[in-house]
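Right, one structure below, let's go through it.
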Amino acid sequence: MLRSDTIDQLAPALVAAQATIAPAEKDGINPHFGRRYASLGAVMQAIRPALAANGLAVSQIVTRDGDQLALETILVHTSGQFIGGTYPLRPTKADPQGEGSALTYARRYALAGL
């Protein structure tokens, strides 16, 4: 887990933001299973206003360690305090489309988990 030395200003801002975040709209349909899901755009739309109103923002950065890709997701407060984590990417195909698909899933899951 990534974390600043203190989170005494970030924590109350996150609590306040979470109190106003409604579930993301399930705007996508998985064609293989026929199930509805919240797309990355829907998750971002659900969280951005509450985060911004409480001095919070999210940054997601792709990193590479040799052949291993990972997504680093950081929640930062206007005070400079932050928390975050790293999500390893395991593309089903070793090509740009496989990596892009894995990245989209990772971004959505990491945001929802944060």
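If the condition is being of a type outside the set (Ser, Thr, Tyr), touching a residue at least 40 places away in the same chain (Cβ under 8 Å) and farther than 30 Å from Asp8 by Cα, then the range 25-58 contributes only Ala38. Within the range 1-49, the set of residues being touching a helix residue (DSSP H, G or I) at 6+ places or on another chain (Cβ under 8 Å) and either on the phi > 0 side of the Ramachandran plot or open to solvent by 100 Å² or more (accessible area, probe 1.4 Å) (or both) comprises Gln18, Pro23, Glu25, Lys26. I want to confirm something. Restricting to the range 6-53 and keeping residues that are under 17 Å from the mean Cα position of the chain (by Cα) and part of a loop (DSSP other than H, G, I, E, B), which single residue is farthest from Gly80 (Cα to Cα)? Going through the qualifying residues, I end up with Lys26. Taken together, the residues in the range 18-65 that are of a type in the set (Val, Ile, Thr) and under 15 Å from Gly113 (Cα atoms) amount to 4.
When you look at Ile61, is it under 15 Å from Ala13 (Cα atoms) and part of a strand (DSSP E or B), yes or no? No: the conditions fail for Ile61. The residues of the range 64-85 that are part of a strand (DSSP E or B) and more than 17 Å from Pro12 (Cβ to Cβ), listed by number, are Arg64, Asp65, Gln68, Leu69, Ala70, Leu71, Glu72, Thr73, Ile74, Gly84, Gly85. For the range 89-112, the tally of residues that are touching a residue at least 12 places away in the same chain (Cβ under 8 Å) and either open to solvent by less than 50 Å² (accessible area, probe 1.4 Å) or within 12 Å of the chain's Cα centre (by Cα) (or both) stands at 12.
The values are calculated or read from the model by the stated rules, or taken from the named source; none is laboratory data. Only a predicted model underlies this, so the values are computations on that prediction, with no experimental measurement involved. Note that each Cβ is placed from the backbone with ideal geometry, even for glycine, and that neighbours are counted across all protein chains shown. To get the accessible areas, we keep the full protein, side chains included, count just its heavy atoms, and leave off ligands, DNA and RNA. Shrake-Rupley method; radii C 1.70, N 1.55, O 1.52, S 1.80 Å.
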